[in-house]
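What follows draws every value from the coordinates through simple rules; no lab data is involved. Source: prediction; values computed, not measured. Positions of Cβ are generated from backbone atoms using ideal geometry, with glycine treated the same way; all protein chains shown enter the neighbour counts.
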Amino acid sequence: MFSSTTRRQEFIITRMTEHDLVDVVELEETCHLSRWGWEAYYGELKENKRSVMMVARGQTGDEFSLDRKIEGFIAARLISDELHINNVAVRQESRRLGIGRKLLDIALHQGVLMGAKIAFLEVRAGNAPAQTLYTRCGFRIVGRRQEYYTQPLEDALVMSLAMRS
């Protein structure tokens, strides 16, 4: 469990569990991410020991509540020595609080601990705020995938980051 304080809100980051999946899928749909759905997240949690799947929740009163709605999540997977960041999402009303950055920092740290040498992700070509976050975290654009995303149809920028151990 990781806790963090941002400029305006405190939040806690924990490993994703199957009990989080209804909120994760709802957030995935709200943020218009490429659809994984409940079964894919569940399978990743149960079958893939090389996954990094984390959720962020806000503070309730003086205590953190694991029952609190999820404000953000990250899903990543180590393949060989590459950490693939598959999905990152933060609720619209909770953006610009540092939640996405903290989720990404933790996933990258976990990736290093598992032996990752490089991290990759795809981001919508039109998603300037996400691109800014990734650039601030050290990612650089290394390619473009034509018509990678659907609903709406859009190119993806491929970004990578050399990991430091």
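Observations on the structure shown:
- Highest-MSF residue in the chain out of Lys49, Lys102, Lys117 [GNM, Cα springs under 10 Å]: Lys49
- Taking amide H as placed 1.01 Å from N in the peptide plane, the amide H of Glu71 sits under 5 Å from that of Ala56, Arg57, Gly58, each at least 5 places away or on another chain.
- For the chain, a simple Cβ point-charge model (Lys and Arg +1, Asp and Glu -1, everything else neutral) yields a dipole of about 720 debye relative to the Cα centre.
- Projected label distance in nm at Leu153 and Ala40, using a 7 Å step from Cα toward the beta-carbon: 2.0
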